Protein chains: 2
Amino acid sequence: MSQKIINTDDLAFLLYEMLDIERFTQFPRYEDHSRDTFDAAIELALKVASETFAPHNRLCDEDEPRFENGKVVIRPEVSEALAVLRDTGLMAASQDYERGGMQLPAAVAQTCIGLIKGANVSTQAYAGLTIAACNLIMAHGTDEQKQRYAEPMMAGRFFGTMCLTEPHAGSSLGDIKSRAIPQDDGTYRISGNKIFISAGDHELSENIVHLVLAKLPDAPPGAKGISLFIVPKFLVNDDGSLGERNDVQLAGLIHKMGYRGTTSTMLNFGEKGGAVGYLVGEPHNGLAGMFHMMNEARIGVGLGSVMLGYTGYLHALEYARERTQGRGLAERDPATPMIPLVQHADIRRLLLAQKAFVEGGLSLCLFSSTLVDEKKHAPDAAAREEAAGLLDLLTPIVKSWPSQFCLEANSLAIQVHGGYGYTREYPVEQFYRDNRLNPIHEGTHGIQGQDLLGRKVSMAGGRFYQSLLTRIRATLSECANVAELKANAELLSTALSTVEGITDALQAMKKSDPDRALANAYLYMECFGHLVVGWLWLRQAQAALRGLQNGGERPASFYQGKLNACDYFLRYELPKPLALAEVLRSADRTTLDMPLDCF
Amino acid sequence: MSQKIINTDDLAFLLYEMLDIERFTQFPRYEDHSRDTFDAAIELALKVASETFAPHNRLCDEDEPRFENGKVVIRPEVSEALAVLRDTGLMAASQDYERGGMQLPAAVAQTCIGLIKGANVSTQAYAGLTIAACNLIMAHGTDEQKQRYAEPMMAGRFFGTMCLTEPHAGSSLGDIKSRAIPQDDGTYRISGNKIFISAGDHELSENIVHLVLAKLPDAPPGAKGISLFIVPKFLVNDDGSLGERNDVQLAGLIHKMGYRGTTSTMLNFGEKGGAVGYLVGEPHNGLAGMFHMMNEARIGVGLGSVMLGYTGYLHALEYARERTQGRGLAERDPATPMIPLVQHADIRRLLLAQKAFVEGGLSLCLFSSTLVDEKKHAPDAAAREEAAGLLDLLTPIVKSWPSQFCLEANSLAIQVHGGYGYTREYPVEQFYRDNRLNPIHEGTHGIQGQDLLGRKVSMAGGRFYQSLLTRIRATLSECANVAELKANAELLSTALSTVEGITDALQAMKKSDPDRALANAYLYMECFGHLVVGWLWLRQAQAALRGLQNGGERPASFYQGKLNACDYFLRYELPKPLALAEVLRSADRTTLDMPLDCF
């Protein structure tokens, strides 16, 4: 294949054979769509990704944005690529027809976004943040705000940001110091300092719509006193034209290990007296709105991480097939020709691990995007509610599992390349550096673990956690009597029982001793994530077996590879986090008890 | 502490309380030494490391060596620092008095080198390669070669390289194409292309002594036909003065993800007719000599990896103590002050994991360096032989375990820093990039795994493997009745039995089906490495308990921290690789059986 962003067989397999997204054409919202229109959008996105986004991925790493003469200078390819994204309509792929969108299912729209991310995660970020900010305004803004800010964002004329973090507070949002003073005209004057604001300043769009968290004068302390504001870089006149420059100053650029093409900025609001801001939603209830965007961003982080892992895997696979080195262990004659790397068992292990991580991660992200479609547009209210709950439950997994294991895949892709992989003359080292951001932003691993165990598993009385278990059990019973799947179903069944036991023990302890119950929350999330991905691998294996037996659309070798990768994941990867089952079940106190002066 | 290279309490604890290196003053070679002279050398090295090497570590990352007008341009701080290393005598710390060395034990000399690596691994590499090349010539060269090349290297006037890898062959040394043609005067004319030659060209020293692998015209195929040559950049006259430029051309620099301060070069030998080379050792037996250097380099890789992990840990620890963020889970009042990061259980997990990895890794490297002293200078021949065998057995572990887990420590150090850790404004991201080389060079993880399982465990009829087990069992029986250590001894005992069972099964299979027996060699090495480091952690715990009970030299909190870190390693880390015990014992064929067209 000439592009190394995606295996198109795999993508079609996941979307149509495993997840059956054609069923969404039965939903009224998508009734004008068909598999043909889905495929046309995906093909377009892949073409844009490979022809327009991939070629400047390394360029923007080497020649990162600079702050010169008060402006951010970014290579011209970025602006050109984003214009193509806008002109093809891909910026608004999932939006309503009436607002100029394609009204595609989230499963298809997310696939398109993912392809762009795999080609160039840094340039895509400008569009991704814009789409997420736009969706927030569409969900929580007034009609006027939708028209004035969201519609130009869908059209790609305005870009967006999310301004949460402040230098002193990081993840602790309740402690932000930015202030919003109400004005007689109903607007607010915003002041404060924000840090790590991606796409915080640039010349790529006519305007930048900052979504800013700040506190009103009468705000209660903590997270319940946070409000959300639209603060545009340029004020927008009633006729939609741009007005004065708002009081938002670029204080500096931050230089990152990777993801260098996306500017990361420090922004000062209100240095000259107060930036004009417009309240979104209710006062003091800004986190609800921001979490709309944040949850979307978390899924986007997971998807980006998968796609970086995926492209690294395809690069490593091509290299392993083409590069000859050494001989088999049993070959004693050094005069025989060298064999391709892929023939060495240890290299196959490195490749199988990558395949298991990235194809497993992609199945996780695409499954989640089907939940987005079901929660919004399923005809049945109970189905909508269950999908919404499952998506909430799985969001920390979708964010963190790929950020851990598809980053690991990037490291393995370097390893397949040997010394070449460590050089900047090959692309895999950049994927690894780019991907290292993903365990940090939009909530660290530690925060995701606490979200999962502290809130999500027990929300609604544990109802959605039970829904997930029910679905896993259904798959297990489908596989129990299938000769090819039975052994893997047994491995998954054991893991399921272990996770259930741990969950029950920790939920019971949460009431009496929350610190102890949550001390190992991150390790719990590792087990939970592997259980979910193991389940999805078993579902992939089911679909692959159907394909093999019924002469599916793809070659037999493709389906066979899925069965082997399922074997690999369940035998070689699933047991690892579960090795700490006893530590988890007993709520081991080792980390909690470490005295602070003993490090 | 102002330097963040080492915890000096930890270093003294490992050297004197755990490993008792004062006993080496009983060896005739070290009889003039005392703990005072050891400490003086270590203090000197730490001063040079923190004052001379650390300050330009980031500078050389940002401003890496360039190829300009036919020369390699390197920042002046590098040359200045190496001059200090030379002038203080640290370049020749372990060499004989009569050759101008300090005749220090390897345990002390390696400690000194480690401190320099922790401060600036890239600049140290120029010295490290020189010391290793010098040692090779001292072991395998003629008296004339020692005098003409090795002595100026000890004095820091000449630097050295190892020229193994060629563009087409990588790790497969038997397939190198470089040629050596014998001349009537007893010299050779060398021609061929080498790649990834660290320190392959520069203006830092008067001369560069390349140690080059090449094949003679009558060489048998494969690894048994490789010869070793000294190829100086400038020929050396009989009086030691420099003569003509030799036919060694810099073909280009390679640009790496990290370790940027060390030039990585492509060198062409013999473009103009043949570089003059001098045979070292016997014809066709060059690998024996090169493995002398390679084994030293492998231990050096492990040590460098540990020290990068160690400095990252100390940076993360300081950050976690100073940075306030959020509140305890049970604290419901958002108006209370934020607490330091180190008070969060998940941050303590990240710090304990780093402590367990880097202090465990340091104990592994220092234990290995005591084996170097014992193998060379122990008065008893049997002790020398056992130490040599144990060192051979452990070399793949010393190389690969830190490269995996101290790299992981660097990732965790980034995680403790949150978004700041991902920026180039903080040092931890560089440690992570620098350390990513270590799983690759001097033999990848895969190659180390095959070395361990394919050769080392069974060498001499498994005698040294049995010696190791005997030592582990001795520690276990010492701990069996000690209340504070008993539980951890039981965990280690279980791991020991598991590894023994796996080893027996795979050794039996190696005879009938070597491909299958070795297919999971890397995973075997993970188990073996954790067993060894778990054992060393138990020995650290023994020493710490003695310190606590007998009022040792260090504060009680220090000893208590060691006991907690031992708990952490044995409970949280040791079980992970062993989760694949069944995969290993059964010599699972999953990776071996993956058809090549199914990826």
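Take the conditions (1) closer than 15 Å to B:Gly300 by Cβ; (2) buried (at least 23 other Cβ atoms within 10 Å of the Cβ); B:Asn135 misses just one of them, which is (2). Among the residues of the range B:527-583, the ones that are outside any helix (DSSP H, G or I), facing another protein chain (nearest Cβ under 9 Å) and under 22 Å from B:Tyr16 (Cβ atoms) come to 1 in all. Is it true that B:Gln404 is open to solvent by 10 Å² or more (accessible area, probe 1.4 Å) and under 13 Å from the mean Cα position of the chain (by Cα)? So B:Gln404 fits the description; yes. Failed condition for A:Ile230, given (1) over 23 Å from A:His168 (Cβ atoms); (2) open to solvent by 50 Å² or more (accessible area, probe 1.4 Å); (3) aliphatic (A, V, I, L, M), with all others met? In the conditions (1) over 23 Å from A:His168 (Cβ atoms); (2) open to solvent by 50 Å² or more (accessible area, probe 1.4 Å); (3) aliphatic (A, V, I, L, M), A:Ile230 misses (2) alone. A:Val72 passes every criterion in (1) touching a strand residue (DSSP E or B) at 6+ places or on another chain (Cβ under 9 Å); (2) open to solvent by 20 Å² or more (accessible area, probe 1.4 Å) apart from (2). The residues of the range B:238-272 that are crowded, with 24+ Cβ neighbours inside 10 Å, away from chain A (no Cβ under 14 Å) and within 30 Å of B:Pro55 (Cα to Cα) amount to a single one, B:Gly261. In the range B:157-172, the residues that are closer than 16 Å to B:Lys233 by Cα form Cβ pairs under 6 Å with partners that are in a loop (DSSP other than H, G, I, E, B) and open to solvent by 10 Å² or more (accessible area, probe 1.4 Å), at six or more places apart or across chains, as follows: B:Arg157/B:Glu206; B:Phe158/B:Ser205; B:Phe159/B:Ser205. Checked against the criteria, B:Ala320 counts as under 30 Å from A:Ala219 (Cα atoms), in a helix (DSSP H, G or I) and within 14 Å of another protein chain (Cβ to nearest Cβ). Residues considered: B:Glu442, B:Glu484, B:Glu500. Of these, the only one that is of a type in the set (Asp, Glu), open to solvent by 10 Å² or more (accessible area, probe 1.4 Å) and either assigned to a helix (DSSP H, G or I) or touching a strand residue (DSSP E or B) at 6+ places or on another chain (Cβ under 8 Å) (or both) is B:Glu500.
If the condition is being open to solvent by less than 10 Å² (accessible area, probe 1.4 Å) and aliphatic (A, V, I, L, M), then the range A:196-218 contributes A:Ile197, A:Ala199, A:Ile208, A:Val209, A:Leu211, A:Val212, A:Leu213, A:Ala214. When B:Gly277, B:Gly361, B:Gly328 are checked against the criterion of being surrounded by 24 or more Cβ atoms within 10 Å (Cβ to Cβ) and either polar (S, T, N, Q) or not in a helix (DSSP H, G or I) (or both), B:Gly277 stands alone in meeting it.
When A:Leu536, A:Leu518, A:Leu531, A:Leu548 are checked against the criterion of being of a type outside the set (Phe, Trp, Tyr), surrounded by 21 or more Cβ atoms within 10 Å (Cβ to Cβ) and either farther than 29 Å from B:Leu350 by Cβ or touching a Phe, Trp or Tyr at 6+ places or on another chain (Cβ under 8 Å) (or both), a single residue qualifies: A:Leu536. The numbered conditions (1) free of Cβ contacts under 8 Å to residues at least 40 places away in the same chain; (2) open to solvent by less than 10 Å² (accessible area, probe 1.4 Å) are all true for B:Glu98 except (2).
Of the candidates A:Ala109, A:Ala40, the single residue that is more than 23 Å from the chain's Cα centre (by Cα), among the hydrophobic types (A, V, I, L, M, F, W, C) and in a helix (DSSP H, G or I) is A:Ala40. Being open to solvent by 10 Å² or more (accessible area, probe 1.4 Å), within 14 Å of chain A (Cβ to nearest Cβ) and not in a loop (DSSP other than H, G, I, E, B) is a description that does not apply to B:Leu235. Over 26 Å from A:Lys256 (Cβ atoms) and not in a loop (DSSP other than H, G, I, E, B): does that describe A:Thr123? For A:Thr123, the condition - over 26 Å from A:Lys256 (Cβ atoms) and not in a loop (DSSP other than H, G, I, E, B) - is not met.
Here A:Leu352 meets the list (1) more than 21 Å from A:Gly200 (Cβ to Cβ); (2) in a helix (DSSP H, G or I); (3) without any contact (Cβ under 8 Å) to a residue 60 or more places away in the chain almost entirely, failing just condition (3). Residues of the range A:280-299 that are part of a strand (DSSP E or B), in contact (Cβ under 8 Å) with a residue 60 or more places away in the chain and out of contact with any Gly (no Cβ under 8 Å at 6 or more places or on another chain): none at all. Could you tell me how many of the residues in the range A:391-442 are free of Cβ contacts under 8 Å to residues at least 12 places away in the same chain and away from chain B (no Cβ under 11 Å)? Total satisfying the criteria: 0.
Just one residue in the set B:Ser205, B:Ser191 is assigned to a loop (DSSP other than H, G, I, E, B) and either within 14 Å of chain A (Cβ to nearest Cβ) or within 21 Å of B:Leu267 (Cβ to Cβ) (or both); that residue is B:Ser205. Taking B:Asp143 as the residue in question, decide whether it is out of contact with any Ser or Thr (no Cβ under 6 Å at 6 or more places or on another chain), in the same structural domain as B:Val248 (by TED's automatic domain parsing) and surrounded by fewer than 24 Cβ atoms within 10 Å (Cβ to Cβ). Considered against the rule, which asks whether it is out of contact with any Ser or Thr (no Cβ under 6 Å at 6 or more places or on another chain), in the same structural domain as B:Val248 (by TED's automatic domain parsing) and surrounded by fewer than 24 Cβ atoms within 10 Å (Cβ to Cβ), B:Asp143 comes out as no.
The values are calculated or read from the model by the stated rules, or taken from the named source; none is laboratory data. Owing to the predicted nature of the structure, the values given are computational and were not obtained by experimental measurement. Virtual Cβ from ideal backbone geometry, glycine too; neighbours counted across all protein chains shown. Ligands, DNA and RNA are stripped out before the accessible areas are found, and what is left, the full protein with its side chains, is counted by its heavy atoms. Shrake-Rupley method; radii C 1.70, N 1.55, O 1.52, S 1.80 Å.
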